[in-house]
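Structure first, commentary second.
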Amino acid sequence: MLNAIAPYNRQVQTSVQRGYVQSLRERERAKMEEYIKAREYYDGIHASQLTARLREFLNVYGENHFTVNYCPMVVNAKADRLKVSAFESEDDAQNDILWRWWRKNRMDRKQNIVHRQAVRDGDTFVLVEWDEEADMPRFYIEPAFAGDGVMVYYSEE
């Protein structure tokens with residue numbers, strides 16, 4: 001039974017919190033399904049709706065599937081156009097340091113992976129951690145969460 005007189009009603013708060021957590025879980029699940037679907041499409045795993053006439057024309061019979069996967073061409077064409085070409089700050093020495101860190105982390109090569117995943121999934125992440133021993137940052141590519149990777153919570157504001 002709810003205590004409507006108490007100014008702070010723990011039962012109502014708990015119910016609201018449970019509802020909010022459930023809402024978050026549903027959104028996480030939906031987003032994860034979107035990532036999985038995008039990755040499947042990129043890998044050529046998607047259904048094709050062929051009419052009987054088109055199946056006959058393409059010589060596709062029985063349980064055989066036919067797909068033409070244009071998804072990688074579209075994703076890769078967009079991702080290949082994205083290149084980090086400069087760092088700009090008011091201090092040229094700082095620009096040189098940033099480029100040195102960029103090259104030592106092999107981001108000149110890894111940026112293609114980041115851009116491809118970002119275009120394919122809509123999200124991907126580069127985590128930065130300071131390496132005390134090397135006295136420089138380390139960059140780690142993390143895909144958006146679809147069983148593994150990073151799950152990010154965005155503010156609703």
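Once phi is turned into ³J(HN,Hα) by the Karplus curve 6.51 cos²θ - 1.76 cosθ + 1.60 with θ = phi - 60°, what whole-Hz value does each residue of segment 135-142 show in order, with x for glycine and proline?
Here the 3J(HN,Hα) series is 6, 7, x, 10, 10, 10, 7, 10 Hz.
How much area per residue is accessible in the chain when the probe is 1.4 Å and only protein heavy atoms are counted (Å²)?
Computed with neighbouring chains in place, this is 78 Å² per residue.
Test of understanding: what is the full-extension gain from E90 to D43, defined as 0.36 nm times their sequence separation minus their Cα-Cα distance?
12.6 nm
So what J values fall out for segment 69-76 if you push phi through Karplus, 6.51 cos²θ - 1.76 cosθ + 1.60 with θ = phi - 60°, rounded to Hz, Gly and Pro as x?
9, 8, 4, x, 5, 5, 4, 5
Given a 1.4 Å probe and the protein chains all in place, what does the accessible area of T51 round to, in Å² to the nearest 10?
Looks like 90 Å² after rounding.
Considering only protein heavy atoms and a 1.4 Å probe, what is the carbon-and-sulfur percentage of the accessible area of the chain?
For the chain, the apolar C and S fraction of the accessible surface comes to 53 percent.
Under a 5 Å amide H to amide H cut-off, with H placed in plane at 1.01 Å, what residues pair with R138 once short-range neighbours are removed?
Amide H neighbours of R138: E129, W130, D131.
Just reorder F125, F145 by solvent-accessible area, largest first, 1.4 Å probe, all chains present.
F145, F125
For the chain, what is the calculated [θ] at 222 nm in deg cm²/dmol (nearest 500), taking -39500 (n - 2.57) for each run of four or more DSSP H residues and dividing by its residue count?
-16000 deg cm²/dmol
How high is the FRET efficiency from L24 to D148, r the C-beta distance, R0 25 Å, rounded to 0.05?
According to the calculation, E is roughly 0.80.
Among (1) 10.0; (2) 18.8; (3) 10.8, which is the computed mean projected area of the Cα convex hull in nm²?
Structure-derived value, by its label: (2).
Quick query: amide H of A144 versus all other amide H atoms, modeled in the peptide plane; which residues come in under 5 Å with a sequence gap of 5 or more or a different chain?
Hits under the 5 Å cutoff: F125, V150.
The values are calculated or read from the model by the stated rules, or taken from the named source; none is laboratory data. Being a predicted model, the structure only gives us computed values, none of them experimental. With ideal geometry, Cβ positions are generated from the backbone for all residues, glycine too; neighbour counts draw on all protein chains shown. The accessibility values were calculated without ligands, DNA or RNA, using every heavy atom of the protein model including side chains. Shrake-Rupley method; radii C 1.70, N 1.55, O 1.52, S 1.80 Å.
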